[in-house]
1. Expressed as a whole percentage, what fraction of the accessible surface of the chain belongs to carbon and sulfur atoms when a 1.4 Å probe is rolled over the protein heavy atoms?
2. Excluding residues on the same chain fewer than 8 positions from residue 124, give the aspartates and glutamates whose Cα lies under 19 Å from its Cα.
3. Long-range amide H contacts for residue 263: which residues qualify at under 5 Å (H placed 1.01 Å from N, peptide plane, sequence gap of 5 or more or a different chain)?
4. Taking the Cβ of residue 243 as the center, what net charge do the other residues with Cβ under 15 Å away carry, scoring Lys and Arg +1 and Asp and Glu -1?
5. On alpha carbon coordinates alone, what is the Rg over Rh value for the chain, Rh being the Kirkwood radius?
6. Rounded to the nearest 0.05, what FRET efficiency do residue 351 and residue 209 give with R0 = 30 Å and r taken as the Cβ-Cβ distance? Could you check?
7. Relative contact order of the chain: what whole-number percent is it, with Cα pairs under 8 angstrom and at least 6 residues apart?
8. Hey, how many Å between the Cα centroid of region 339-372 and the Cα centroid of region 1-56?
Amino acid sequence: MLAAISPAAAERVPIVEAAGRVLAEDIAVARDLPPFAASAMDGWAVQAADTPGRLRIIGESAAGRGFAGAVKAGQAVRIFTGASLPARSDAVVMQEDAQSGDVWVTVPQTAPGRHVRPAGGDLKAGEILLRQGMRLDAWRISLAAAAGRAEAEVRARPRVAILSTGDELVQAPAPPKPHQIYESNAPALAVMAEGWGARAIRIGPLPDELEAVAGAMRRADAELLVTIGGASVGDYDLVRQAAGSLGLVMSVESIDMRPGKPTFFGTFADGRRLLGLPGNPASAFICAELFLKPILYAWQGADPAVVMSLARTQAPLAGNGPREHWMRAALGQANGTSTVRPFADQDSFSIRVFAAADALIRRPANAPPAAVGDPVEVLALARA
Ligand code: AMP
Ligand code: MG
């Protein structure tokens with residue numbers, strides 16, 4: 001799937017609108033931070049060599065203003081946090097450690113550099129802290145702002161259409177007919193896709209009719225189509241056929257895992273891609289984590305790697321068969337180590353189970369049985 005994806009074009013956006021977007025440029029720091037030696041405290045700027053002692057107050061240096069003169073022997077300048085250190089002073093005495101009147105201040109001994117933030121101590125001009133491929137979050141946006149940027153070059157957001165299929169599906173508030181259930185996958189997948197940087201639209205629920213599904217695919221104004229359901233081998237599983245009738249060139253026909261076997265992927269002649277997901281909620285969500293997320297990351301020039309970690313299982317796990325198995329589970333902590341509890345019910349139709357999961361356990365093909373306390377591979381799921 002990733003072989004069919006290359007990064008989208010770049011666009012400039014205000015940094016405050018860039019949360020979740022992926023940088024298309026390196027951002028260099030424009031100016032040292034702080035640009036001058038600055039006070040880390042409210043107090044008194046002094047020459048350390050002059051302390052302890054009784055010093056004459058000659059003025060003040062406030063944040064954003066500074067003090068025009070220099071501090072000579074026997075003198076002190078009132079200073080505030082973030083204000084620049086006056087010429088020839090080399091230390092700040094905390095306000096709480098000094099006794100001051102209108103004319104004199106008595107300070108204890110201090111050393112050069114005390115409570116002083118050196119120029120360039122945090123950021124150095126020209127330094128590159130934000131690089132292409134990084135997804136921006138609040139802290140990185142703060143870094144971009146501190147680097148002197150109002151805007152940043154980021155990758156365009158892929159446009160994704162989520163198409164749900166199935167005669168049994170109805171979307172609230174429409175009333176369900178006797179043999180129907182509420183459609184519940186598309187809202188989740190749209191939210192996931194948006195969280196992974198895409199702009200998502202929902203189409204459907206579509207009936208299990210070839211013409212209807214093919215027509216919706218043809219009209220879908222998106223770069224990536226994500227279908228839900230109808231991907232398997234049942235009589236009413238028409239999604240592959242519909243995509244085929246529009247000339248989809250399939251590059252992935254199915255996946256050797258459970259749940260999620262019917263997942264497929266291909267490209268239309270007009271360049272649109274299609275990811276076909278199974279309809280069972282757990283299958284759809286797991287395959288979204290494992291395939292849709294990396295596709296959207298790669299689309300935006302970010303690292304698509306699925307990052308696994310280890311945790312100790314709190315329940316024994318049976319040996320696995322020849323197909324990789326992804327299990328719904330809950331993370332925990334015991335004695336300072338990560339633990340994971342697989343749910344007894346792994347039915348891929350169950351929404352209840354998935355709603356309680358904050359992790360997936362990956363059981364490789366033919367994995368031997370695991371005992372309580374054995375380390376297993378887990379994929380943490382982002383939950384609110
Ligand atoms: P399918 O892959 O179309 O055979 O669907 C498998 C199961 O998932 C069926 O029980 C469907 O009713 C259910 N399902 C399919 N799509 C959705 C959806 N969008 N929302 C909720 N359930 C669905
Ligand atoms: Mg169906």
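1. Using a 1.4 Å probe with all protein chains present, the chain comes out at 53 percent carbon and sulfur.
2. 25, 26, 32
3. Hits under the 5 Å cutoff: 255.
4. In short, -1.
5. Ratio of gyration radius to Kirkwood radius for the chain: 1.20.
6. E between residue 351 and residue 209, to the nearest 0.05, is 0.70.
7. Contact order relative to length: 15 percent.
8. After rounding, the separation between the Cα centres reads 43 Å.
The values are calculated or read from the model by the stated rules, or taken from the named source; none is laboratory data. In this text, all values refer to a predicted model and were calculated from it rather than measured experimentally. Neighbour counts run over all protein chains shown; Cβ positions are idealised from the backbone, glycine included. Note: accessible area is taken over every heavy atom of the protein model, side chains too, but ligands, DNA and RNA are not part of it. Shrake-Rupley method; radii C 1.70, N 1.55, O 1.52, S 1.80 Å.
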